[in-house]
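Scroll down for the structure; my scribbles are underneath it.
The values are calculated or read from the model by the stated rules, or taken from the named source; none is laboratory data. Given the structure is predicted, the values throughout are model-derived calculations rather than measurements. Neighbour counts run over all protein chains shown; Cβ positions are idealised from the backbone, glycine included.
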Amino acid sequence: MEQLVYSSSPHIKSGRTTKKIMIDVCIALVPACIMGCVFFGWNALLTLAIAVISAVVCEFVYRLCCKVSFKQIVQEFDFTSLVTGILVGMNMPANIDWYVPMLASFFAIAVVKMLFGGTGKNFVNPAIAGRIFVFISFSAMLKPAQALIGSISGDVVSTGATALQNIFKPGTVSGLTNLDLFLGTGVAGVLGETCKVALLLGGVYLVIRKVIDFKWPLIYIAVTGLFTVCLNGFNFEVFLPSILSGGLILGAIFMATDYVTSPNTLVGNIIYFTLLGLLTAGLRQLKHQEVVSYVILFGNLLVPLIDKYIVNKPFGEHKKVKEATK
Amino acid sequence: MKSFQGGVHPSDMKFLCENMPIEQMPIVPDYYVALSQHIGSPATAVVVAGEQVEEGQLIAKASGKISANIFAPVAGEVVAIEKRKNNLGVLADYIHLKTSEKQSVVVFPKLTDLSKEKIIERVEQAGIVGLGGAGFATAVKLSPNKPVDTLIINAAECEPYLNCDNRLMLERADEFIEGVRLLARALNVEKIIIGIENNKLEAYNRLLSYEGIEISLLKKKYPQGAEKTIIYACTKRKVPTGGLPMDVGVVVDNVATAYAVYDAVVNGRPLYKRVMTVSGKGIATPKNIEVLNGTPYKAIIDFCGGLVGEVVKLLSGGPMMGLSLSDDSGVTTKTDSGLLALTSSEANTMLPTPCINCGGCAKVCPMHLMPMYIDFYALAGDYETAVKYGAMNCFECGSCAFTCPAKRPLVQSIKLTKMKMKEKKK
């Protein structure tokens, strides 16, 4: 009898754990990573490896410095830093110098995550912060890499520019079809964002595993596409290119849906993802460059505000209000 | 299929003893009858040490409006009125009875005048309380001070493992329905709804044959059997926050309560025994048994073949809302619907990790609260803000803590907030 556990109800718990959720996210990212390596070669794999290893090592070193025993760190390792590492790697061009992903991971984990209290306490998405940190610091070096596999329509040489820039410049023949954009063939960009089909596959996996709600990425992507259409004088031809270009799908499925930095209520989430969509479309139109990461960063900062004012109404609450006014 | 918004889907584990017929638990040598087996003030003992009592004799009288009479479960001698630890680990008064060899029973006369007043009087005399777990005096519930038009019988039995209500409906359907009709008569209502989850189809089909009673098939989901959720599922009425079912014209009673009313009115037997489920993978032969009040848990476990495997939790009641026991020294009360022994494969004893703000707890909360904020503020000692996020509206169903991927003890934080606010009021 002495081994009995004495605790508060409930005494049974679901099999859902933080670790399992994070492992699911890692699995969902695998197809996009593989496609990144196919399109951009061994450099892509190296970049990913550097980003992941430095993210995990950074967390371990930080916690060791905080005098947590190594055994405990291993026990409490919840794969969140692994996810951050993969996302940082996916946001790097494949031909980048080795220390750039390392610095991005360091910034993401040490500064954004651990300094603010570790898992669940980061105020913005660490991977986004890491990406923006290096993109501002090393902007000259960060030219999108050219894919090794060319466009399947075959009539395009090298444009060097991301597909996104071509939507807004009438007359520029990008030569990339929507199918190219969807498959990532011939598309330049950071290594994880170009193959939309792989990203969507990961997204479907996450929805099936109930890690994310399909509504949220859908709202973000649809609002971006439709608002771009509106801004271009209801030209529906820009709908597909606008949603298939740049980092929108990667951001919408894997970064904006980050639990910690998205609202907690249904209404809050609708506001948040709609706002992200509107900002993405609007700023892209103004700046003619990719803005998804900046928009998500800005959105993350608004989340505490949204959560402060939008709170669920308890079941049966309205009746009480009515009675009080009588 | 009728349901409510929110809720969780724990594995119901009913198969362990779903098909075990109700067995009579044999008489044991010693009984410890608690004076507090209900919500409200404890009953006052009316026997003294050394006195001989008969089965069904009044041994403690209700001591206030919200209280209940308590009866001797067996014929025997009162050894002492002593202090024992109750299930919460607090010292309380118990009447210790030593069973005598010769058994004799006293009962009330059969009630022939089935008027509203007489039924309520008998329910009060017989010490009937809500047997679903809360233990609220049924007689008080039957005299609402607001107009009531519907009686809902809660047959959802949404707690995993428990089968006692299901077995009662299957094996004693006529008696149960008779009890339901008596309750409706006492309330003077026409509309009777029995809410039953769709994992008890055998009982559902059985009940369909009774006329004048609406059988509502509810979706199997926890906490379908909570008072406010079953009212919403059956009638779409929303009980206001801080209100009672009678505020929306409804009275809810449990299956076992209805059966107890039948027993008291027709057979004249006061409430001193009930059906309970003894289950869990830690019990050698899970059973549904009819036990007398005050039976030691140890005797029940022995009757069911003892403990097997690595038992990590012993529970009184269901696994979602039941109480964790520190040992097997406790005794049964009127409200015990289950005694469970969970092994390490069933009970999750993982330590909490940091909240990742997934919002799962808010999504499943049947009261639409935000447990993550309540937990956050309660742990920071800011109980007023925790109350703003609805801590007082929580009925502690445990859906939030069940679903939490970080395994945070959310219900514990809410209970703490409630306790601190109560202390503050004093």
- request: From A:Phe298, A:Phe236, grab the single residue that is farther than 20 Å from A:Asn178 by Cβ and either surrounded by 20 or more Cβ atoms within 10 Å (Cβ to Cβ) or not β-branched (Val, Ile, Thr) (or both).
  value: A:Phe298
field: From B:Lys228, B:Lys219, residue being away from every other protein chain (no Cβ under 11 Å) and among the basic types (Lys, Arg)
entry: B:Lys219
message: Can you pull out every residue in segment B:25-46 that is part of a loop (DSSP other than H, G, I, E, B), more than 19 Å from the chain's Cα centre (by Cα) and surrounded by fewer than 18 Cβ atoms within 10 Å (Cβ to Cβ)?
response: B:Pro26, B:Ile27, B:Pro29, B:Val46
statement: The residue from A:Leu64, A:Leu82 that alone is within 15 Å of the chain's Cα centre (by Cα) and either assigned to a helix (DSSP H, G or I) or over 21 Å from B:Leu351 (Cα atoms) (or both) is A:Leu82
task: Please state which of the following conditions A:Glu76 fails to meet, knowing it meets all the rest: (1) modelled with pLDDT of 95 or more; (2) within 14 Å of chain B (Cβ to nearest Cβ).
output: (1)
Any hit, segment A:4-23, residues being farther than 30 Å from B:Val308 by Cα and away from every other protein chain (no Cβ under 13 Å): no
query: When segment B:110-143 is examined, which residues are found to be of a type in the set (Val, Ile, Thr), under 16 Å from B:Thr257 (Cβ atoms) and part of a loop (DSSP other than H, G, I, E, B)?
result: B:Ile128
- prompt: Can you spot a residue in segment A:216-231 that is in a loop (DSSP other than H, G, I, E, B), under 21 Å from A:Ala127 (Cβ atoms) and not aromatic (Phe, Trp, Tyr)?
  reply: no
- request: Give, as residue ranges, the helices (runs of 4 or more DSSP H) completely inside segment B:339-426 that count at least 3 residues that are closer than 30 Å to B:Val311 by Cα and within 9 Å of another protein chain (Cβ to nearest Cβ).
  value: B:399-403, B:410-425
- prompt: Do we have any residue at all in segment B:11-24 that's without any contact (Cβ under 8 Å) to a residue 12 or more places away in the chain and assigned to a loop (DSSP other than H, G, I, E, B)?
  reply: yes
- prompt: Identify, please: which residue in segment B:334-359 is polar (S, T, N, Q) and farther than 30 Å from B:Ile128 by Cβ and is, among those, surrounded by the fewest Cβ atoms within 10 Å (Cβ to Cβ)?
  reply: B:Ser345
- request: Inspect segment A:9-16 for any residue being among the small types (Gly, Ala, Ser) and surrounded by fewer than 22 Cβ atoms within 10 Å (Cβ to Cβ) and give the result as yes or no.
  value: yes
task: Return a yes/no flag: does segment A:103-115 have any residue that is more than 13 Å from every other protein chain (Cβ to nearest Cβ) and either closer than 18 Å to A:Gly247 by Cα or among the polar types (S, T, N, Q) (or both).
output: yes
task: Determine which single condition A:Ile270 fails, assuming it passes every other condition in (1) part of a helix (DSSP H, G or I); (2) farther than 16 Å from A:Phe227 by Cβ; (3) touching a residue at least 12 places away in the same chain (Cβ under 8 Å).
output: (2)
message: If I filter segment B:59-77 for residues that are farther than 14 Å from B:Ala126 by Cβ and in a strand (DSSP E or B), do I get at least one hit?
response: yes
message: Is it the case, given these coordinates, that B:Gly338 is under 20 Å from B:Leu97 (Cβ atoms), within 18 Å of the chain's Cα centre (by Cα) and either among the small types (Gly, Ala, Ser) or modelled with pLDDT under 95 (or both)?
response: no
task: Take the residues in segment B:217-253 that are among the polar types (S, T, N, Q) and surrounded by fewer than 24 Cβ atoms within 10 Å (Cβ to Cβ), then tell me which one is modelled with the highest pLDDT.
output: B:Thr235
- prompt: Does B:Phe395 count as closer than 25 Å to B:Ser11 by Cα, under 27 Å from the mean Cα position of the chain (by Cα) and surrounded by fewer than 24 Cβ atoms within 10 Å (Cβ to Cβ)?
  reply: yes
- prompt: Among B:Lys102, B:Lys85, which is within 25 Å of the chain's Cα centre (by Cα) and charged (D, E, K, R)?
  reply: B:Lys85
Qualifying positions in segment B:215-241 - touching a Leu at 6+ places or on another chain (Cβ under 7 Å) and basic (Lys, Arg): none
Filter result for the condition that a residue is hydrophobic (A, V, I, L, M, F, W, C), buried (at least 24 other Cβ atoms within 10 Å of the Cβ) and touching a residue at least 40 places away in the same chain (Cβ under 8 Å), over B:Ala134, B:Ala156: B:Ala156
- request: Would you confirm whether any residue within segment B:298-316 is without any contact (Cβ under 8 Å) to a residue 40 or more places away in the chain, charged (D, E, K, R), part of a loop (DSSP other than H, G, I, E, B) and more than 19 Å from B:Leu131 (Cα to Cα)?
  value: yes
